[in-house]
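Peer 1: Below is one structure. I have some questions about it.
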Protein chains: 2
Amino acid sequence: MVKEEQGLTVKKSQDISEWYTQVIQKAELAEYTGVSGCMIFRPRVFAIWEKLTAFFDAEIKKLGVKNAYFPLFIPEALLKKESEHVEGFAPEVAWVTQGGHTPLSERLAVRPTSETIMYDAFAKWIQSYRDLPLKINQWVNVVRWEFKHPVPFLRSREFLWQEGHTVFAKKADAETEVLNILELYKRVFEEMLALPVIKGRKSENEKFAGADYSTSVETLTPSGKAVQAATSHHLGQRFAKSFGISFLDEKGDKSLPFQNSWGFSTRSIGAMILYHGDDKGVVIPPRVAPLHVVVVPIMFDDTKEKVVKKAHELGSKLEKAGVSVFVDDRDHYTPGWKFNEWELKGVCLRVELGPRDLDKKQAVVVRRDTGKKDFVQLDELVKFVQDQLELMQKDMFKRAQQFLAENNVHAKSWKEFEKGIKDKKLVYTPWCCTADCAEHIKTQTEGAKCLNLPFDAPKAEGKCVKCDKPAVATALFAKSY
Amino acid sequence: MVKEEQGLTVKKSQDISEWYTQVIQKAELAEYTGVSGCMIFRPRVFAIWEKLTAFFDAEIKKLGVKNAYFPLFIPEALLKKESEHVEGFAPEVAWVTQGGHTPLSERLAVRPTSETIMYDAFAKWIQSYRDLPLKINQWVNVVRWEFKHPVPFLRSREFLWQEGHTVFAKKADAETEVLNILELYKRVFEEMLALPVIKGRKSENEKFAGADYSTSVETLTPSGKAVQAATSHHLGQRFAKSFGISFLDEKGDKSLPFQNSWGFSTRSIGAMILYHGDDKGVVIPPRVAPLHVVVVPIMFDDTKEKVVKKAHELGSKLEKAGVSVFVDDRDHYTPGWKFNEWELKGVCLRVELGPRDLDKKQAVVVRRDTGKKDFVQLDELVKFVQDQLELMQKDMFKRAQQFLAENNVHAKSWKEFEKGIKDKKLVYTPWCCTADCAEHIKTQTEGAKCLNLPFDAPKAEGKCVKCDKPAVATALFAKSY
């Protein structure tokens, strides 16, 4: 609850990490716990996650994907079956070693991702080409016991996500799906969270452990750090080989299928908070906002009754029109206090209604993102609110696009590259795409890495920005969470 | 997929546990894994869970409950804060002791339930009577490392559930909620799963570890074993004391609030399978069925095309009317094979359409639960299907009620009691409600225990059925999962 120290005590532009820490707690989005890196998703944030999951779940069901649930615990032997995969994940696995008072005979990994336990089952389920494609998804918690400094949502040891796992008879069909899902992720970020993202292919050294190749959507946050928003991987036949997944094709010959896996997580919410928030608090795009409108009746002793009554009437009308509303008629807080609280919490629109407004049959509507104030006739309020919510969603996306447009550079030289990274920009650059060079760049820039090789970047020419090898692709670099 | 060994090789009445093991695998409901007691919820079952959660989630949201997510891992010290609670759960906790290659300084419990981690946060969030009631729910996986023989769904080490945790200023309000939620659970079982349940209060020795008292809904399955379907607990002020949750009341005095917790889980699905299944496979009530109708076109070379076309036409019409449909026009299986497959998998209605039916403008509709066959004019098909689905839901519930009515006895003597338990009945009996006596009964009957003290049972008179102490209540006994 917002108590005495109601507002934020730091500006976003002053110290964005302190601002972020304050805003997630004061706006009641997350709560720290006694376990470092494990946090509580409070109702205000969980409602955002519910809206994201509802959107994406409906879209993948249209593609024939079915939801299931696979066990949390993966036996160590199973996790080790695919060698590249286990190398990637073993350093950050949380291990269960004891059940009750009894030591376990084999350690169990708390799933960091579910390829291994799923594909062990897929091998039993898939026998004929008629069993393909197989398209399974699950919405679950996963644990990655990282030792970097945790950041709520963005880098936490436990997070919520969906992981889709699909199996195809033909490589081409699998590869088509990789891009279809990537496009869906783009829509989640752009249409729901109002965050523009950049599609591309991960470089070899940044791809998913065990994948043939990975694709991703990436974005830059106002902290100057990029966020990998979601990934869609083509696994080829590597896991099929390790897990013995094969099928009889139409001619009766035994074949190995092609697999994909893809996921996005609650870190998306962290990006949203960083992107859109301001000095007053969090700003939430209407399509994912837990609360669209707060109606604040301005209460004086003699007119209180009729103003409050009208406020509730308006609230009901809005709710009937599909707008979520809270009528804040608490009489132990001043209107100003309430305005601050709801701005902090990111309610999209504030409707103020005082006795003089009532006389004029109007209300004051204030937009959270711009602070713009409108006097609206009461009989036009529902329509106005609906329009403003749509407009706000669009405007927030436009401003975020603007931010992204202003914060990227094309570096042709190492000097330009270094300056771009120092200025906290996204840096497009011709790159050799080798692991050695990636390591050099990382060291010399204190952490910049290749986010992806954007699909729509110009073809690379000449030499790599860093070394003498020929440039293979235009790469996107930044520091990242 | 259903392969060569398509059907069940055992009758339900012959060997119900072997039948259960076969049906959950052959109907593609669950899959065993390498970790004993941890299973895969396959899409056909997960879809049932989605329908249950959608129903219950909407109902609790009407009551003002909000969803959140609390961490999977609970530090050992936190779990131990409430002494009765930890005694109840410690013997079956899975412990994480290592993160990556590093031993943890404090063991972490994989949540068996979330009272402790939630209430630690509640203590921060609750300060004034204005912060109450607080009503939080989460839909999550939990782990209880039991050492009994696991039974898929019914007794598994990991399961899915919801856990509601609420805090009230007044005891009366908390106690009212306990019963409101219990009534909601009754509706989940009776209206969705077509399973009649018996409401009651748990005996002292069977109550939730740390509760003032527990209430439950219980039912008997055809295996002769009862299932605790869901529980709703009043925790009183015990946890508030242990976790330091207090609030300033309207007079400014510091008070302890009253708490509840309540949950139901995927074990409900196990009860449903046991209850309704038959020798042909699983039977699923229409309101939770992943698939309502399979249309099977009877395909001969010369008429195949028009029959298949019509089958898809009917399929589309049904789907538009909100019925879920699969048109099974696979030509590598005979109609008989398909009939068996869909009966095994529990599709509610089968619509057969052959060329002669087409001439007569009719289809054959077969109900899964009764096998009843109807010839239905095509232009009446949608209405007929909708009516049959509703009727099937009602009939399944009626038959289950009938089963429950026929399988309970009122035992006035120990001899009657023993016979009732031996006959695999629910036994109502006057009981002293002491822990010692419960232990004696358990030993002498090889496992019978008090399910609950049913709310609507007659008042107990005279002596306890087992010992010489006076009877305190009419208790419901059975062996159980």
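The values are calculated or read from the model by the stated rules, or taken from the named source; none is laboratory data. As the structure is a prediction and not an experimental result, all values here were calculated from the model. Positions of Cβ are generated from backbone atoms using ideal geometry, with glycine treated the same way; all protein chains shown enter the neighbour counts. The protein model used for the area step is the full one, side chains on, heavy atoms only, and it has no ligands, DNA or RNA in it. Shrake-Rupley method; radii C 1.70, N 1.55, O 1.52, S 1.80 Å.
Peer 1: How much space per residue, in cubic angstrom, does the convex hull of the C-alpha atoms of the protein assembly as shown take up?
Peer 2: Looking at the protein assembly as shown, the number lands at 192 Å³ per residue.
Peer 1: For residue B:383, list the aspartates and glutamates whose Cα falls under 16 Å from its own Cα; do not include residues on the same chain fewer than 8 positions away.
Peer 2: Reachable aspartates and glutamates: B:313, B:319, B:374.
Peer 1: State the Kirkwood hydrodynamic radius of region A:251-402 in Å, one decimal place, computed from all pairs of distinct Cα atoms.
Peer 2: On the way: mean 1/r = 0.0582 Å⁻¹.
For region A:251-402, inverting the mean 1/r across all distinct Cα pairs yields 17.2 Å.
Peer 1: Let me ask another. What's the lysine pair count for region B:267-381 at a Cα cut-off below 15 Å, pairs eight or more apart or interchain?
Peer 2: 9
Peer 1: What distance in nm separates the two pseudo spin-label positions at residue B:254 and residue A:364, each 7 Å out from Cα along the beta-carbon direction?
Peer 2: 4.1
Peer 1: Percent relative contact order of chain B, based on C-alpha pairs within less than 8 angstrom and at least six residues apart? Walk me through the numbers before you get to the answer.
Peer 2: On the way: 974 pairs, mean separation 67.4, N = 481.
So the answer I get is 14 percent.
Peer 1: Quote the accessible area belonging to residue B:173 in square angstrom, nearest 10, computed with a 1.4 Å probe and with ligands, DNA and RNA left uncounted.
Peer 2: 80
Peer 1: On to the next question. Pull up all non-local amide H partners of residue B:475: gap of 5 or more, or a different chain, and H-to-H distance under 5 Å with H placed in the peptide plane.
Peer 2: B:429, B:431
Peer 1: Quick one: which residues, 5 or more positions from residue B:98 or on another chain, have an amide H under 5 Å from its amide H? H modelled 1.01 Å from N in the peptide plane, none for Pro or chain starts.
Peer 2: A:95, B:104
Peer 1: By how many degrees, between 0 and 90 and to the nearest 10, does the Cα long axis of helix A:16-26 differ from the longest principal axis of chain A?
Peer 2: 60
Peer 1: Right, next: At R0 = 60 Å, how high is the FRET efficiency between residue B:36 and residue A:303 if r is their beta carbon distance? Nearest 0.05 is fine. Provide the component values of the computation, followed by the final result.
Peer 2: Numbers: r = 69 Å, r/R0 = 1.15.
The formula returns an efficiency of 0.30 here.
Peer 1: Moving on to the next point. Quick one: check the C-alpha center-to-center distance for region A:425-479 versus region B:305-323, whole angstrom.
Peer 2: 54
Peer 1: As a test question: what accessible area, to the nearest 10 Å², does residue A:384 have when a 1.4 Å probe is rolled over all protein chains in place?
Peer 2: 40
Peer 1: Got a sec? Charge dipole of the protein assembly as shown, +1 on Cβ for Lys and Arg, -1 for Asp and Glu; which of A:411, B:136, B:362 is way out at the positive end?
Peer 2: B:362
Peer 1: At R0 = 35 Å, how high is the FRET efficiency between residue A:356 and residue A:10 if r is their beta carbon distance? Nearest 0.05 is fine.
Peer 2: Computed FRET efficiency for residue A:356 and residue A:10 comes out at 0.45.
Peer 1: Now, a different point. With a probe of 1.4 Å, find how much accessible area chain B has per residue, and write the answer as a whole number in Å².
Peer 2: On a per-residue basis, chain B sits at 41 Å².
Peer 1: Over all directions, how big on average is the projection of the convex hull of the alpha-carbon atoms in region A:1-84, in square nanometres?
Peer 2: That works out to 10.1 nm², a quarter of the Cα hull's surface.
Peer 1: While we're on this one: Calculate the FRET efficiency for residue B:394 and residue B:424 from the Cβ-Cβ distance with a Förster distance of 22 Å, rounded to the nearest 0.05.
Peer 2: Working: r = 27 Å, r/R0 = 1.21.
Between residue B:394 and residue B:424 the formula returns 0.25.
Peer 1: Using the C-alpha atoms of region A:106-175, what convex hull volume per residue, in cubic angstrom, is computed?
Peer 2: 119
Peer 1: Could you order A:416, B:250, A:390 by accessible surface area, starting with the largest, using a probe radius of 1.4 Å?
Peer 2: Listed by decreasing accessible area, they come as B:250, A:390, A:416.
Peer 1: Based on the mean of other beta carbon atoms within 10 Å per residue, what is the order of A:106-115, A:10-19, most packed first? Mind dumping the intermediate values first?
Peer 2: Values: A:106-115: 22.7, A:10-19: 14.9.
Going by the mean number of other Cβ atoms within 10 Å, highest first, we get A:106-115, A:10-19.
Peer 1: In debye, nearest 20: dipole of chain A around its Cα centre with unit charges on the Cβ of K, R (+) and D, E (-)?
Peer 2: Numbers: 71 positive and 66 negative charges, 107 e Å.
That gives a dipole near 520 debye.
Peer 1: With point charges of +1 on the Cβ of Lys and Arg and -1 on the Cβ of Asp and Glu, referenced to the Cα centre of the protein assembly as shown, which listed residue (B:156, B:217, B:117) lies farthest in the positive direction of the dipole?
Peer 2: B:217
Peer 1: Oh, and also: With +1 on each Lys and Arg Cβ and -1 on each Asp and Glu Cβ, how big is the dipole of the protein assembly as shown about its Cα centre, in debye rounded to the nearest 20?
Peer 2: 200
Peer 1: Take every Cα-Cα distance within region B:159-293, group them into 10 Å bins from 0 onward, and report for each bin the whole-number percent of pairs it holds.
Peer 2: The calculated distribution, bin by bin, is 12, 36, 27, 15, 7, 2, 0.
Peer 1: Moving on. Once fully extended, how much extra length lies between residue A:127 and residue A:101, figured as 0.36 nm per residue of separation less the alpha-carbon to alpha-carbon distance?
Peer 2: 5.2 nm
Peer 1: Let me ask something else. Can you tell me the convex hull volume per residue for region B:70-159, based on C-alpha atoms, in Å³ to the nearest whole number? Each step should come with its number before you reach the end.
Peer 2: Details: hull volume 12.2 nm³, N = 90.
In region B:70-159, the Cα convex hull volume per residue is 135 Å³.
Peer 1: In whole angstrom, how long is each semi-axis of the equivalent ellipsoid of chain A, when you take the square root of 5 times every eigenvalue of its Cα gyration tensor and sort them from largest down?
Peer 2: They are 44, 27, 22 Å, listed from largest to smallest.
Peer 1: Between the label point of residue B:173 and that of the same position in each other copy, find the distances and list them shortest first in nm, with every label point placed 7 Å from Cα along the Cα-to-C-beta direction.
Peer 2: Distances to the matching label points in the other copies: 5.7 nm.
Peer 1: Using a 1.4 Å probe on the protein chains only, how many percent of the accessible area of the protein assembly as shown belongs to carbon and sulfur? Kindly include the intermediate steps, with their values, before the conclusion.
Peer 2: Working: 19530 of 39130 Å².
After summing per-atom areas, the C and S share lands at 50 percent.
Peer 1: Whole-Hz ³J(HN,Hα) for each residue in region A:433-443, computed from phi via Karplus 6.51 cos²θ - 1.76 cosθ + 1.60 with θ = phi - 60°, x for glycine and proline: what do you get?
Peer 2: 6, 9, 5, 4, 5, 4, 5, 4, 4, 4, 5
Peer 1: Return one quarter of the surface area of the convex hull spanned by the alpha-carbon atoms of region A:332-468, equal to its mean projected area, in nm². Working shown, then result.
Peer 2: Working: hull surface 50.7 nm².
Value for region A:332-468: 12.7 nm².
Peer 1: Suppose every K and R has +1 on its Cβ and every D and E has -1 on its Cβ; what is the size of the dipole of region B:214-264 about the Cα centre, in Debye to the nearest 20? Can you show the working numbers first?
Peer 2: On the way: 5 positive and 4 negative charges, 36 e Å.
With only Lys, Arg, Asp and Glu charged at Cβ, the dipole is about 180 debye.
Peer 1: Compute and list, largest first, the equivalent-ellipsoid semi-axes of region A:408-478 from the alpha carbon gyration tensor, each √(5λ) rounded to a whole angstrom.
Peer 2: For region A:408-478, the ellipsoid semi-axes come out as 16, 14, 11 Å.
Peer 1: Compute for chains B and A the buried accessible surface, both sides summed, probe 1.4 Å, and express it in Å² to the nearest 100.
Peer 2: Numbers: alone 22000 and 21960 Å², together 39130 Å².
Counting protein atoms only, the buried area is about 4800 Å².
Peer 1: Of the trypsin sites (Lys or Arg not before Pro) in region B:131-198, which ones lie in a loop per DSSP and count no more than 12 other C-beta atoms within 10 Å?
Peer 2: Taking region B:131-198 and a limit of 12 other Cβ atoms within 10 Å, the loop trypsin sites (Lys or Arg not before Pro) found are B:148.
Peer 1: Need one word for region B:147-235: rounded, prolate or oblate. Basis is the Cα gyration tensor (sqrt eigenvalues a ≥ b ≥ c); a/c below 1.5 gives rounded, then a/b vs b/c decides.
Peer 2: Prolate is the answer for region B:147-235, as a/c is 1.5 or above and a/b outweighs b/c.
Peer 1: What are the ³J(HN,Hα) values, in whole Hz, obtained from phi via the Karplus relation 6.51 cos²θ - 1.76 cosθ + 1.60 with θ = phi - 60°, for each residue of region B:367-373 in sequence order, with x given for Gly and Pro?
Peer 2: My calculation for region B:367-373 gives 7, 5, 6, 10, x, 4, 10 Hz in order.
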